[in-house]
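The values are calculated or read from the model by the stated rules, or taken from the named source; none is laboratory data. Just so you know, these numbers come straight off a predicted model, no measurement behind them. Quick reminder, even Gly has a Cβ in these numbers, built from the backbone with ideal geometry, and neighbours come from all protein chains shown. Quick note on the areas: whole protein, heavy atoms, side chains included, nothing else; ligands and nucleic acids left out. Shrake-Rupley method; radii C 1.70, N 1.55, O 1.52, S 1.80 Å.
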Amino acid sequence: MVRPKDPAVRTRLLERAAHMLRTREPITLRSLVAGTGVSTMAVYTHFDGMDGMWRALRQEGFTRLAARFALVEPSSDAVLDLTALVAAYLANALDHPDLYRVMFDADFDLEDLGAADATLEHMVQAVVRGRAAERFRADVVPLDLATQSWVVGHGLVSLVATGPLPREALDHGPVLLTALFTGAGDRPDRCRASVERGWRVG
């Protein structure tokens, strides 16, 4: 008889896997279920095996990022909003460094292959609004500037959350984003003010 899926068990196993990543414990089928009160069969019931668990863990990272982005409400200042999204990206990665590491592990597909594109789309739309408001040049490609903004955030947080730099290195973020956005056409003084406010919002 096939046991029904229990969302609480699924969440418990994902949290257990994330904890093991954080503490650098080897993750095997048996070590994953140890102390959870469920058998190894639960991994097959909820994920169809360990590969499915890794896919679900990747997905959970993007789910939490999407939830964080959803907290950044669009304002009348698109440059502020774009900065706030980058800051939210950093905050999410620092809050969930274990999931952050798995999010970009291409060895396993996402359960929802559009999840990464959906999160990037938040940034794309901010650029679209910034271009319409003439904060960015008319020839700026929204996807390109959104991707470049993501790269700034990803590079910084990778070096802090999983790398050698101290948390204070994140203070370089506003400087890098101001340079990026003025290069895309924004006026330096106005850009700096928007970026500094957005960095605090995110």
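Points to keep in mind about this one:
- Filtered by the rule that a residue be surrounded by fewer than 16 Cβ atoms within 10 Å (Cβ to Cβ) and touching a residue at least 60 places away in the same chain (Cβ under 8 Å), the range 19-67 gives His19, Arg22.
- The one condition in (1) more than 23 Å from Gly61 (Cβ to Cβ); (2) surrounded by 14 or more Cβ atoms within 10 Å (Cβ to Cβ); (3) touching a Gly at 6+ places or on another chain (Cβ under 8 Å); (4) of a type outside the set (Ser, Thr, Tyr) that Arg137 fails to fulfil: (2)
- Only helices (runs of 4 or more DSSP H) whose full extent lies in the range 1-88 are considered here, and the ones with at least 3 residues that are within 30 Å of Arg137 (Cβ to Cβ) are 50-70.
- Val124 vs. criteria within 22 Å of the chain's Cα centre (by Cα), closer than 26 Å to Asp95 by Cα and either among the basic types (Lys, Arg) or open to solvent by less than 70 Å² (accessible area, probe 1.4 Å) (or both): yes
- The one condition in (1) at pLDDT 90 or above; (2) open to solvent by 80 Å² or more (accessible area, probe 1.4 Å) that Gly130 fails to fulfil: (2)
- Checked against (1) at pLDDT 95 or above; (2) open to solvent by 60 Å² or more (accessible area, probe 1.4 Å), Arg200 passes all but condition (1).
- Taken as a whole, the condition of being at pLDDT below 95, open to solvent by less than 30 Å² (accessible area, probe 1.4 Å) and not β-branched (Val, Ile, Thr) does not apply to Ala184.
- The residues in the range 68-98 that are more than 21 Å from Gly114 (Cα to Cα), buried (at least 23 other Cβ atoms within 10 Å of the Cβ) and not aliphatic (A, V, I, L, M) can be counted, and the count is 2.
- Note on the range 163-176: residues that are surrounded by 13 or more Cβ atoms within 10 Å (Cβ to Cβ) and either without any contact (Cβ under 8 Å) to a residue 60 or more places away in the chain or of a type in the set (Ser, Thr, Tyr) (or both) amount to 4.
- First in the range 71-88 and free of Cβ contacts under 8 Å to residues at least 24 places away in the same chain, second anywhere and acidic (Asp, Glu) and assigned to a helix (DSSP H, G or I), Cβ under 8 Å, 6 or more apart: Ser75/Asp81
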